[in-house]
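J.: Just dropping this structure here.
The values are calculated or read from the model by the stated rules, or taken from the named source; none is laboratory data. All figures in this text were calculated on a predicted structure; none of them were measured in a lab. Counting neighbours? That spans all protein chains shown, and the Cβs are built from the backbone with ideal geometry, glycine included. Ligands, DNA and RNA are excluded from the accessible area calculation, which covers all protein heavy atoms including side chains. Shrake-Rupley method; radii C 1.70, N 1.55, O 1.52, S 1.80 Å.
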Amino acid sequence: MHASLANSSLPSQVSIVEVGPRDGLQNEAAVSTQSKIEFIDRLSLSGLNHIECGAFVSAERVPQMADSTQVFAAIQRRSDVCYSALTPNLRGLEAAIDAGANRVAVFTSVSEGFNQRNIHCSVAESLKRFEALLALASKHHIPVRGYLSCVVDCPYDGATHPQKVASLAHTMAQMGCDQISLGDTVGTGTPVRIARMLDATLNHLPAHKLAAHFHDTYGQALANLYQALQMGIHVIDSSTGGLGGCPYAKGAAGNVATEDVLYLCQGLGIETGVDIHKVVDAAWYICGRLHKSPTSKVSNALKNSASD
């Protein structure tokens, strides 16, 4: 077994983009600003080097993110951690700049149906909106990440054609996004479908420009990540405790749990630089504030073994 793993195309190390404080908490019941700050501070001590801390969006539409300015002002920043934010428009970007975000993210979908329900515009219109945002971010030397939703299926438009993903990812990179995060938003992907989507996309962009953002609705996220790792992807978005979902994709579960990804990487001999026990600690902390248990198998297993 060790010989076959050594000869495989798995990366020697991966980067984890922790999206729990934003993508996770925006789809959960509201928690206090202080709880978010404590959650992020615990994650900062785990070895994670990229934490998405909030979103500068309409407080009316996403009330869970209304305190992002206060969160950014109060977290205990570490110089080796990138603290990023989601910014759907110029006003959001300006607020993120004022708050001191190290990196920002924009988002669109491969699916017209999803885009209309999520951001009330067509895919083409969403790309047009990016232009001024990317120009301002460039002026301030702030890197911009691009989120691309529904890369496998859309709850409204059905199956997504891999070539459409490839084309849109390429366009976003050409516009100035330094990395494209490929989102299996509804979590219906399987390894074969992920392979087809990545195969098409890797014909247009190198692996280091791409990230895997897989939801675990059907329990396939880890299998899909293993497929992505074998194809050279070495940036993984994950959410501590498996927090989250998607308000525009009924039934979608949270993003794959960070601690489950760490356990997978550990077993494959892939370096992450992250302390799994500190992430588990952060998971139980924030889930306690949400009055629920983590959906992460690893968080539950480690807690149970510690209490035996």
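J.: Does at least one position in the stretch 75-91 carry a residue that is modelled with pLDDT under 95, within 20 Å of the chain's Cα centre (by Cα) and surrounded by fewer than 18 Cβ atoms within 10 Å (Cβ to Cβ)?
T.: Looking for residues that are modelled with pLDDT under 95, within 20 Å of the chain's Cα centre (by Cα) and surrounded by fewer than 18 Cβ atoms within 10 Å (Cβ to Cβ), one finds at least one in the stretch 75-91, hence yes.
J.: Quickly run through the stretch 277-292 and pick out the residues that are basic (Lys, Arg) and part of a helix (DSSP H, G or I). Walk me through how you get there before you give the answer.
T.: To start, the set of residues in the stretch 277-292 that are basic (Lys, Arg) comprises 278, 289, 292.
Of everything in the stretch 277-292, those that are basic (Lys, Arg) and part of a helix (DSSP H, G or I) turn out to be Lys278, Arg289.
J.: Filter the stretch 131-155 down to the residues that are over 19 Å from the mean Cα position of the chain (by Cα), open to solvent by less than 10 Å² (accessible area, probe 1.4 Å) and within 23 Å of Val235 (Cα to Cα) and list them by number.
T.: Selection gives Ala137 alone.
J.: Which condition does Thr201 not pass, out of (1) open to solvent by less than 10 Å² (accessible area, probe 1.4 Å); (2) part of a loop (DSSP other than H, G, I, E, B), if it passes all the others?
T.: Exception for Thr201: condition (2).
J.: For the stretch 204-239, what are the residues that are touching a Gly at 6+ places or on another chain (Cβ under 9 Å), within 25 Å of Ala85 (Cα to Cα) and surrounded by fewer than 20 Cβ atoms within 10 Å (Cβ to Cβ)?
T.: Pro206, Ala207, His208
J.: While we're looking at this one, here's another question. Scan the stretch 156-184 and report the pairs whose first residue is surrounded by fewer than 18 Cβ atoms within 10 Å (Cβ to Cβ) and whose second residue is of a type in the set (Lys, Arg) and part of a helix (DSSP H, G or I), with Cβ atoms within less than 9 Å and a gap of 6+ or a chain change.
T.: Tyr156/Arg117; Ala159/Arg193; Asp178/Lys209
J.: Take the residues in the stretch 44-63 that are outside any loop (DSSP other than H, G, I, E, B) and within 17 Å of the chain's Cα centre (by Cα), then tell me which one is surrounded by the fewest Cβ atoms within 10 Å (Cβ to Cβ).
T.: It comes out as His50.
J.: (1) at pLDDT 95 or above; (2) open to solvent by less than 10 Å² (accessible area, probe 1.4 Å): which one isn't true of Gly187, the others all being true?
T.: Unmet for Gly187, out of (1) at pLDDT 95 or above; (2) open to solvent by less than 10 Å² (accessible area, probe 1.4 Å): (1).
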